[in-house]
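The values are calculated or read from the model by the stated rules, or taken from the named source; none is laboratory data. Because the structure is a prediction, the values reported are computed rather than measured. Here Cβ is always computed from backbone atoms with ideal geometry, including for glycine, and neighbour counts include all displayed protein chains.
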Amino acid sequence: MSILAYGLNHSTAPLELREQLCFAREIMTDALKDLTRMGEVQEAAILSTCNRTEVYCSVDDHTSTRPVQWLSGFHGIRHNEVQPYLYTHPDANAVKHMLRVASGLDSMVLGEPQVLGQLKEAYQVALETGSIGKLLNRLFQHSFHVAKDIRSNTSIGSHPVSVAFAAVRLAQQIFGDLSQQTALLIGAGETIELVARHLHENGLKKMIIANRTVERSRKLADEFSGYAIALSGIPDHLAEADVVISSTASQLPILGKGAMESAIRQRKHKPVFMVDIAVPRDIEPEVGDMDDIYLYTVDDLKDVIQENMNNRKQAALQAEEIIEAQVLNFMEWLNSLDAVDTIRALRRHAGSIQDEVLQGALLKLQNGADPAVVLKEVTHTLTNKLIHTPSSQLRNAGVNGRIDLLSATHELFDLKEQDIPKK
């Protein structure tokens with residue numbers, strides 16, 4: 001059994017392709033069932049965020065291309081269009097990759113904690129679907145433990161750097177003082193909550209939060225003295241917004257060019273700063289072509305994020321050392337599974353010989369044989385039967401020059417020098 005991790009992320013694939021290959025929450029279960037129906041895939045989990053789509057699975061053979069080709073096939077895209085952007089990591093490299101992802105070392109924002117929550121959600125969905133077994137369960141739990149260890153024992157999480165932070169920092173660069181601006185935040189998930197927190201901490205006084213469910217947006221709005229509306233209420237408030245930041249799970253755009261044209265007219269062409277953090281995008285790309293609109297996507301935030309990463313680089317080196325050690329720990333456990341199966345097979349074999357010899361001895365005792373004689377025969381017969389096949393294999397090893405097998409026998413049975421008869 002092998003582990004395989006494959007996918008694409010913000011470093012390897014453009015936003016347009018990531019949009020096409022993302023998995024909405026409502027199709028995740030069906031996707032996992034479809035993948036594990038493939039005979040070669042025993043267990044599977046899918047991590048799908050705005051920055052990455054990755055599949056983690058246990059497979060019979062990690063060199064098979066079928067599990068990897070499944071990703072493009074499921075989304076109805078030709079594999080040769082996706083292949084140049086894909087990475088694949090087998091076994092120890094797969095373990096290392098998941099640990100790096102869980103710890104935020106593979107994120108656009110080095111050390112960001114959000115991806116750990118997303119990985120836990122991916123694990124929960126797979127668990128509920130029934131696509132997680134012993135191997136992946138152990139790997140996910142191991143990754144959660146390592147991520148916690150890194151966050152506790154390095155300073156990688158001590159600096160407030162995230163996509164949300166970068167979006168707010170960019171707004172500051174454009175407007176300077178945010179206290180006189182109005183922000184419209186679309187969505188009510190963790191990213192928007194972070195955006196709201198950073199805006200509030202940087203002096204923004206007026207905040208409108210729109211979400212499909214008003215109750216969720218109201219809870220967030222109450223925390224930051226904002227105003228909650230439904231998505232349907234956006235057109236009525238769009239013209240008020242100097243800053244628009246959107247991050248929803250919608251499969252279709254929330255804001256189109258027509259709505260923004262109307263808002264800009266009402267604003268008398270006062271500029272609007274917009275950040276679309278969602279994948280698929282919440283704001284139609286054509287909006288960015290309009291005068292007086294400054295539209296940024298998650299990919300555009302890279303330069304801003306880079307400025308805030310320097311403080312985390314030294315901590316990342318410490319984290320990488322922890323991960324290297326933890327990969328070895330996990331692979332030792334994984335390799336031990338083979339030993340467990342071999343030990344069980346050996347015990348079953350020895351048990352069957354024991355039962356056979358015991359039945360013969362009991363029969364002789366029932367027929368009146370001398371117990372002392374039977375006991376002596378039992379020990380002699382049992383010993384001979386147990387070492388017959390190994391002795392035969394060792395003789396063949398000597399004939400064929402298999403010194404490795406002879407040496408392994410010495411180690412396996414802890415044979416000492418005095419145990420070997422002199423020639």
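Taking the range 126-181 only, how many residues are of a type in the set (A, V, I, L, M), surrounded by fewer than 16 Cβ atoms within 10 Å (Cβ to Cβ) and either in contact with a helix residue (DSSP H, G or I) (Cβ under 9 Å, 6 or more places away or on another chain) or outside any helix (DSSP H, G or I) (or both)?
Looking only at that region, the number is 1.
Would you confirm whether or not the range 341-351 contains a residue that is of a type in the set (D, E, K, R) and under 24 Å from L136 (Cα atoms)?
Checked the range 341-351: at least one residue is of a type in the set (D, E, K, R) and under 24 Å from L136 (Cα atoms).
Scan the range 211-230 and tell me whether some residue there is over 21 Å from A167 (Cβ atoms) and either of a type in the set (G, A, S) or touching a Cys at 6+ places or on another chain (Cβ under 7 Å) (or both).
yes
Given the conditions (1) outside the structural domain of L47 (by TED's automatic domain parsing); (2) touching a Gly at 6+ places or on another chain (Cβ under 9 Å); (3) surrounded by fewer than 19 Cβ atoms within 10 Å (Cβ to Cβ); (4) in contact (Cβ under 8 Å) with a residue 60 or more places away in the chain, and given that Y87 satisfies all but one, which numbered condition is not satisfied?
(1)
Looking at (1) over 55 Å from the mean Cα position of the chain (by Cα); (2) at pLDDT below 80; (3) assigned to a helix (DSSP H, G or I), which is the only condition L365 fails?
(2)
Collect the residues in the range 384-418 that are of a type in the set (K, R) and more than 16 Å from A350 (Cβ to Cβ), keeping them in residue-number order.
Result: R395, R402, K416.
Tell me whether the range 368-388 contains one or more residues that are hydroxyl-bearing (S, T, Y), under 30 Å from F140 (Cα atoms) and not assigned by TED's automatic domain parsing to the domain that holds S152.
Checked the range 368-388: no residue is hydroxyl-bearing (S, T, Y), under 30 Å from F140 (Cα atoms) and not assigned by TED's automatic domain parsing to the domain that holds S152.
Only residues that are under 28 Å from L412 (Cβ atoms) and surrounded by 11 or more Cβ atoms within 10 Å (Cβ to Cβ): list them for the range 353-374, please.
Of everything in the range 353-374, those that are under 28 Å from L412 (Cβ atoms) and surrounded by 11 or more Cβ atoms within 10 Å (Cβ to Cβ) turn out to be I353, Q354, E356, V357, L358.
Counting only residues that are among the aliphatic types (A, V, I, L, M) and surrounded by 20 or more Cβ atoms within 10 Å (Cβ to Cβ), how many does the range 1-27 have?
Residues in the range 1-27 being among the aliphatic types (A, V, I, L, M) and surrounded by 20 or more Cβ atoms within 10 Å (Cβ to Cβ): 6 in total.
Which of the residues that make up the range 192-206 are out of contact with any Phe, Trp or Tyr (no Cβ under 7 Å at 6 or more places or on another chain), crowded, with 23+ Cβ neighbours inside 10 Å and closer than 12 Å to I245 by Cα?
Correct list: I192, V195, L199.
Output the number of the condition that Q326 fails; it satisfies all remaining conditions of (1) in contact with a strand residue (DSSP E or B) (Cβ under 6 Å, 6 or more places away or on another chain); (2) in a helix (DSSP H, G or I).
It fails just one condition, (1).
So N329 fits all but one of (1) in the same structural domain as G176 (by TED's automatic domain parsing); (2) under 25 Å from the mean Cα position of the chain (by Cα); what number is the exception?
For N329, the exception is condition (1).
Among A188, A196, which is the only one that is free of Cβ contacts under 8 Å to residues at least 40 places away in the same chain and not in a helix (DSSP H, G or I)?
A188
When you go through (1) part of a loop (DSSP other than H, G, I, E, B); (2) closer than 30 Å to I234 by Cα one by one for G111, which number turns out not to apply?
(2)
Give just the number: which of (1) surrounded by fewer than 16 Cβ atoms within 10 Å (Cβ to Cβ); (2) modelled with pLDDT under 90; (3) not basic (K, R) does G189 not satisfy?
Status for G189: all satisfied but (1).
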